[in-house]
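What follows is one structure encoded as structure tokens, with my remarks underneath.
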Amino acid sequence: MSDYREMWEKLGLDLQAHDGLLEILPPLYRETILSQENRPKGMEYFDFVFSEIHGLRVKELVDHRAQGGLVVGTFCTYVPEELIIAAGGICVGLCAGAQVAEEATEQYLPRNLCALIKSSLGFKLAKVCPYIESCDLLVGETTCDGKKKYYEILGQFQPVHVMELPQRKDDVDRALWRSEVRRLAERLEELAGRKIEPESLREAIKVVNEKRRALLRLAELRKSDPPVISGRDALLINQIAFYDDPKRLAEKVNALCDELEERREKGIAIGGAHRPRLLLSGCPMAIPNWKLPAIIETSGALVAMDEMCTGIRYFRHLVSEEAADLEGMLDAIADRYLRIDCAVFTPNRERIEHIKELVGDYSIDAVVYYALQFCDPYTVEAFLISQELEKEGIPFLYLETDYSTEDVGQLSTRVQALVEMLTSG
């Protein structure tokens, strides 16, 4: 990483603090990800991407801006990647999964706010994230009260555009959301100094859909029992999908899937024989938040699927490619993104039904519900989901945590108790 120090300095990073961060990440990665046995060879690409997490990809962003292109940072799956690409931009996810600069952050935000929001501001204040410093625009969304008030603070540091997300999905809500998609397109056009043309938007839709198709193919392979890929590796791929080049990522995921299909035919499994298959549901898990998946998979179970924004919710639906003109494509984009079943919506029967569908499709033995402390939408919605799963006789474990390691022992005890219950029958 030493070759990038001049680049980091030009981006305004605090090099000493940044060095400290880079000292922490590799050992954590080795312990959590690289320690797994018999990993597919195709995972070497994703290991390389992580090893260059603040290097090669950031250089691509810097070079893109130097050539007159945009870099746009996002915090949520509701921001249409297609519009950013069509405007000549690169889209990068900015959610963070580690505690950084807590004391400085709490000068702006209350202590009892979710870790994801505090982490995001912490990375900004500490000047240790080259991604946010590479952005021309940050695009937020009103998925919770904490986020929308946080964006007011973040706007004091960088340009921020906030999309108003409705809380229901009736016709009037769809009209509001469609207008927000148009408003974002206009902001991107203004920033880029050019119009989003039908041809560029059509191509962008295809590019992002191909990324989603590749991730959906990987998701299908996770139905294999015994498993051909671990939950930790699948999560890592989904996390990287938020900031890697979409065409390159699709190519590498498809190559990995080719290998996994061969391994399945040859009977090569990850972790040997059948293990309890768990569905991980709830809040997103941003890099380097692998705490709970690591606990689950070192306790004798498998994360067979993730019902999260860093899981199947991110790539589940495609944008229709049938529209003939620009307005039709904007309609298709608005419709696709409004189908996302975030816990912010009320009522949110779609999410409950999808969880039940995943339980059947992936032969799930139990659902582990991961909730970040003070994340009201997901912590409150957990009750309705647990109630529904109880009717179906599906074991449900609710775990509320943050980004610290202080509760690893407690979480491990509860997960191990669940695994013992599932294996003792």
task: Could you list all residues from the range 102-119 that are more than 22 Å from the chain's Cα centre (by Cα) and either in a loop (DSSP other than H, G, I, E, B) or surrounded by 19 or more Cβ atoms within 10 Å (Cβ to Cβ) (or both)?
output: 105, 106, 107, 108, 109, 110, 111, 112
query: How many residues does the range 288-301 hold that are hydrophobic (A, V, I, L, M, F, W, C) and more than 25 Å from residue 25 (Cβ to Cβ)?
result: 1
task: Give me a count of the residues in the range 377-398 that are touching a residue at least 60 places away in the same chain (Cβ under 8 Å) and over 19 Å from the mean Cα position of the chain (by Cα).
output: 2
message: Being of a type outside the set (Val, Ile, Thr), assigned to a helix (DSSP H, G or I) and either closer than 18 Å to residue 294 by Cα or touching a Leu at 6+ places or on another chain (Cβ under 6 Å) (or both): is that true of residue 232 here?
response: yes
task: Give the number of residues within the range 15-63 that are outside any helix (DSSP H, G or I) and crowded, with 16+ Cβ neighbours inside 10 Å.
output: 7
task: Please find, within the range 1-14, the residue that is nearest to residue 96 (Cα to Cα) out of those that are surrounded by fewer than 13 Cβ atoms within 10 Å (Cβ to Cβ) and not acidic (Asp, Glu).
output: 12
message: Return the residues of the range 220-246 that are over 27 Å from residue 28 (Cβ atoms) and at pLDDT 95 or above; say none if nothing qualifies.
response: 220, 223, 224
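Conditions tested, residue by residue: (1) crowded, with 21+ Cβ neighbours inside 10 Å; (2) at pLDDT 95 or above; (3) under 21 Å from the mean Cα position of the chain (by Cα); (4) β-branched (Val, Ile, Thr).
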position: 140; (1), (2), (3), (4): yes, yes, yes, no
position: 159; (1), (2), (3), (4): no, yes, no, no
position: 162; (1), (2), (3), (4): no, yes, yes, yes
position: 174; (1), (2), (3), (4): no, yes, no, no
position: 179; (1), (2), (3), (4): no, yes, no, no
position: 182; (1), (2), (3), (4): no, yes, no, no
task: Starting from residues that are surrounded by 21 or more Cβ atoms within 10 Å (Cβ to Cβ) and among the β-branched types (Val, Ile, Thr), keep the ones in the range 324-345 and report whichever is farthest from the chain's Cα centre (by Cα).
output: 333
field: Counted residues, the range 285-309 - those being touching a helix residue (DSSP H, G or I) at 6+ places or on another chain (Cβ under 7 Å), part of a loop (DSSP other than H, G, I, E, B) and not aliphatic (A, V, I, L, M)
entry: 4
query: Which residue pairs have Cβ atoms under 6 Å apart, sit 6 or more places apart or on different chains, and have a first residue in the range 179-193 that is closer than 19 Å to residue 328 by Cβ and a second that is among the β-branched types (Val, Ile, Thr)?
result: 181/333; 185/196; 189/196
message: Filter the range 198-229 down to the residues that are over 19 Å from the mean Cα position of the chain (by Cα) and not in a helix (DSSP H, G or I) and list them by number.
response: 223, 224, 225, 226, 227, 228
message: Being assigned to a helix (DSSP H, G or I) and surrounded by fewer than 22 Cβ atoms within 10 Å (Cβ to Cβ) is the requirement here; does residue 122 meet it?
response: no
- prompt: Taking interchain pairs and intrachain pairs at least six residues apart, which have beta carbon atoms under 9 angstrom, with the first residue in the range 141-156 and in a loop (DSSP other than H, G, I, E, B) and the second among the basic types (Lys, Arg)?
  reply: 142/148
- prompt: How many residues does the range 250-283 hold that are on the phi > 0 side of the Ramachandran plot, surrounded by fewer than 18 Cβ atoms within 10 Å (Cβ to Cβ) and not in a loop (DSSP other than H, G, I, E, B)?
  reply: 0
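The values are calculated or read from the model by the stated rules, or taken from the named source; none is laboratory data. Keep in mind it's a predicted model, so treat the numbers as computed, not measured. Neighbour counts run over all protein chains shown; Cβ positions are idealised from the backbone, glycine included.
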